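Student: Quick one: the structure is below, questions incoming.
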Amino acid sequence: MSKRLFVSVDLPDALADPVADLQDEFADASGLTFTDPEQAHVTMTFLGGLDEDRLPALERELAAAVEDAGIDPFTVRYGGLGVFPSLDYISVVWLGVEDGGEELTRLHEAIEERTTAMGFDAEEHDFTPHVTLARMEHAGGKELVQELVQEREPTIGEARVDEIRLTESSLTDEGPVYSTVESFPLE
């Protein structure tokens with residue numbers, strides 16, 4: 001049995017409402033499919049499918065990656081807006097990281113070093129710590145999205161990061177449902 005997995009830093013429940021409020025600003029932009037603010041997170045690395053018999057080895061490597069990174073618990077301030085891959089062709093609208101990005105990047109690099117050694121693919125692009133707010137299915141609301149991203153500089157709040165999580169993504173008709181497989185505390 002294969003699990004669809006990624007490594008995440010989850011936002012606390014207290015930031016779900018500010019994320020939802022920010023998403024509401026994009027409500028009139030047609031073509032956007034919004035993520036569930038209750039499941040808001042920073043994806044540290046997407047792993048994809050993994051057979052369950054390899055799970056213990058992955059968990060050992062993730063614990064070692066946290067140790068390799070040598071990062072104490074830290075605070076992330078979430079703010080700013082951006083898109084992937086560009087304002088001309090928008091596929092993802094995201095909330096950025098104003099403070100804490102350096103620590104998130106160090107964690108990402110340690111995780112990726114360990115997971116690529118296990119045979120997982122490295123990310124195809126540079127790591128940009130972000131929280132996905134919406135995916136753009138068609139360009140109907142592109143101009144409104146461009147305008148909001150260029151004009152708004154929201155800060156939605158801060159959160160203490162004291163662990164990373166191995167998260168399973170189960171695809172359903174209502175969208176993905178995420179569940180924590182294991183947590184790895186920062187030292």
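Student: I'd like to know if region 38-46 contains one or more residues that are more than 29 Å from ASP173 (Cβ to Cβ) and at pLDDT 95 or above.
Tutor: Our first condition is that a residue be more than 29 Å from ASP173 (Cβ to Cβ); within region 38-46, this holds for none.
Within region 38-46 (the criterion being more than 29 Å from ASP173 (Cβ to Cβ) and at pLDDT 95 or above), the answer is no, since none of the residues qualifies.
Student: Then there is this: If ARG60 passes every condition in (1) part of a strand (DSSP E or B); (2) without any contact (Cβ under 8 Å) to a residue 24 or more places away in the chain but one, which one does it miss?
Tutor: Just one mismatch for ARG60, condition (1).
Student: Another question, then. Given ASP53, ASP17, which one is out of contact with any strand residue (DSSP E or B) (no Cβ under 8 Å at 6 or more places or on another chain), in a helix (DSSP H, G or I) and at pLDDT below 95?
Tutor: Answer to the check: ASP53.
Here is a yes/no grid of residues against (1) over 16 Å from the mean Cα position of the chain (by Cα); (2) within 17 Å of GLN23 (Cβ to Cβ); (3) surrounded by 13 or more Cβ atoms within 10 Å (Cβ to Cβ); (4) not basic (Lys, Arg):
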residue	(1), (2), (3), (4)
GLY119	yes, no, no, yes
HIS125	no, no, no, yes
VAL131	no, yes, yes, yes
VAL145	yes, yes, yes, yes
GLU153	yes, yes, no, yes
ALA159	no, no, yes, yes
ASP162	no, no, yes, yes
THR167	no, no, yes, yes
THR172	yes, no, no, yes
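Student: Hey, does region 36-53 have a residue that's buried (at least 18 other Cβ atoms within 10 Å of the Cβ), over 24 Å from LYS142 (Cα atoms), over 17 Å from the mean Cα position of the chain (by Cα) and not basic (Lys, Arg)?
Tutor: yes
Student: On the basis of being at pLDDT 95 or above and more than 14 Å from the chain's Cα centre (by Cα), does PRO73 make the cut?
Tutor: Judged against the criteria, PRO73 is a match.
Student: Sticking with this one: What about PHE74, is it farther than 30 Å from GLY140 by Cβ and among the hydrophobic types (A, V, I, L, M, F, W, C)? Walk me through how you get there before you give the answer.
Tutor: Numbers: farther than 30 Å from GLY140 by Cβ: yes; among the hydrophobic types (A, V, I, L, M, F, W, C): yes.
For PHE74, the condition - farther than 30 Å from GLY140 by Cβ and among the hydrophobic types (A, V, I, L, M, F, W, C) - is met.
The values are calculated or read from the model by the stated rules, or taken from the named source; none is laboratory data. Here the structure is a predicted model, which means the values were calculated and not measured. All Cβ positions, glycine included, derive from the backbone under ideal geometry; neighbour counts span all protein chains shown.
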